[in-house]
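Worksheet for the structure shown next.
The values are calculated or read from the model by the stated rules, or taken from the named source; none is laboratory data. Predicted model, so just to flag it, every value in this text is computed and none were measured. Counting neighbours? That spans all protein chains shown, and the Cβs are built from the backbone with ideal geometry, glycine included.
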Amino acid sequence: MPNPVPENLTSLKQMVADTPTRPPLGDVAHIGHAQLFTPTPAETVGFFTDFLGLTVSAQEGDHTYLRTWDDYEHHSIVVTRRDTPGIGRTALRCSSPEALERRIAAVEATGAIGEWTNDEPGIGPLWVTQDPDGHEFALYHETEYWEAPDELRPGLKNQPQAKPGHGVAVRRLDHINYLAREVETTTGFVIDALGARPTEQIRLDDGHIGARWSTFTQKSYDLVYTEDWTGSTGRLHHLAFATDTREDILRAADLALDTGVFIETGPHKHAIQQTFFLYVYEPGGNRIELCNPLTRLVLAPDWPLITWTEAERAKGQAWGLRTISSFHTHGTPVVDAPVD
């Protein structure tokens, strides 16, 4: 007599069946780079170079272009002078010219509009649009591979740049967490128009989605949208940079302590996505996460969307530590009070 199907396997099969069918991944290859606004550009650049270990690749007017050591492109982040902190353009590299055309058509099919620009060094034409919450996105394919100068040449030919001998030496820009007035609507655009796949979400007791994680790759997540408690639009929760190991996160906490970098919370482990993390603020006021999610991939092509309840989230992080209150209230630009 055959063995009965295990209860947990039956539940998993039902979760797969309940997950909406999405187009296959691939049109968007990965997050290319992000733009960060800051009222203290010199101090913010110093944070990225001295504390995180990024390299300045160019300086043009109010824009400083920086790169992580394992990025193959010209820059990973653009630091731009602005009176208030926050998130600017997020650039997504498409896997081919045809993929770029498909994504543009899908965005335009939603009623959104975009325009072409060619205003970043090392990057070809970018098609710039916005998500429903007002965050700016740019789609592109053409790019230049970074050619390290002699003093930064690596010992291995399959590595773009020598690993820094100072700071945290973060490996790459890992993910971006936006704040949004309506998470479900905005992530619907990211999924249907940009071609991402949702992997986890939080459904609150009243039925609406409070947060959603999505990916363009086999990483467990690339873009996150969290409900903005103020009712505002277009704000940033945090940018995240990946480290090689968990020990790098612990070392980063010690470096922050020694150099006066403000630690908001961590080191600890998220329950959602299982990321080991440390949250700090850069001098301009933006929240930066150092994370080690490198061991967790979503390999299943029919990965079921994992839904967390409000009660489950109330238990805190993976090891029971309650989430610090500022994690829910601080975003950039800063909004002093909820909007009615």
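Which strands (runs of 3 or more DSSP E) does region 79-184 wholly contain that include 2 or more residues that are among the aromatic types (Phe, Trp, Tyr)? Quick ask: steps written out before the conclusion?
Working: elements: 86-94, 115-117, 126-130, 136-140, 172-180.
So the answer is 136-140.
Exactly one of these conditions fails for residue 138: (1) under 22 Å from residue 244 (Cβ atoms); (2) small (Gly, Ala, Ser); (3) under 21 Å from the mean Cα position of the chain (by Cα). Give me its number.
(1)
State the number of residues belonging to region 195-217 that are in a loop (DSSP other than H, G, I, E, B), surrounded by fewer than 23 Cβ atoms within 10 Å (Cβ to Cβ) and of a type in the set (A, V, I, L, M).
Qualifying residue count, region 195-217: 1.
Taking only pairs six or more apart or across chains, which ones have beta-carbon atoms under 7 Å, a first residue in region 298-321 that is closer than 16 Å to residue 220 by Cβ, and a second residue that is in a helix (DSSP H, G or I) and hydrophobic (A, V, I, L, M, F, W, C)?
302/16; 304/12; 304/15; 304/16
Examine region 254-269 for a residue that is at pLDDT 95 or above, crowded, with 20+ Cβ neighbours inside 10 Å and among the acidic types (Asp, Glu), and state whether such a residue exists.
no
Among the numbered conditions (1) surrounded by fewer than 17 Cβ atoms within 10 Å (Cβ to Cβ); (2) among the small types (Gly, Ala, Ser); (3) in contact with a strand residue (DSSP E or B) (Cβ under 9 Å, 6 or more places away or on another chain); (4) not in a loop (DSSP other than H, G, I, E, B), tell me where residue 318 comes up short.
(4)
From the list 265, 233, exactly one residue is touching a helix residue (DSSP H, G or I) at 6+ places or on another chain (Cβ under 8 Å) and in contact (Cβ under 8 Å) with a residue 40 or more places away in the chain. Which is it? Walk me through it before giving the result.
Working: 233 fails: touching a helix residue (DSSP H, G or I) at 6+ places or on another chain (Cβ under 8 Å).
Residue meeting the stated conditions: 265.
Quick check on region 270-307: of everything there that is at pLDDT 95 or above and charged (D, E, K, R), which residue is farthest from residue 210 (Cα to Cα)?
282
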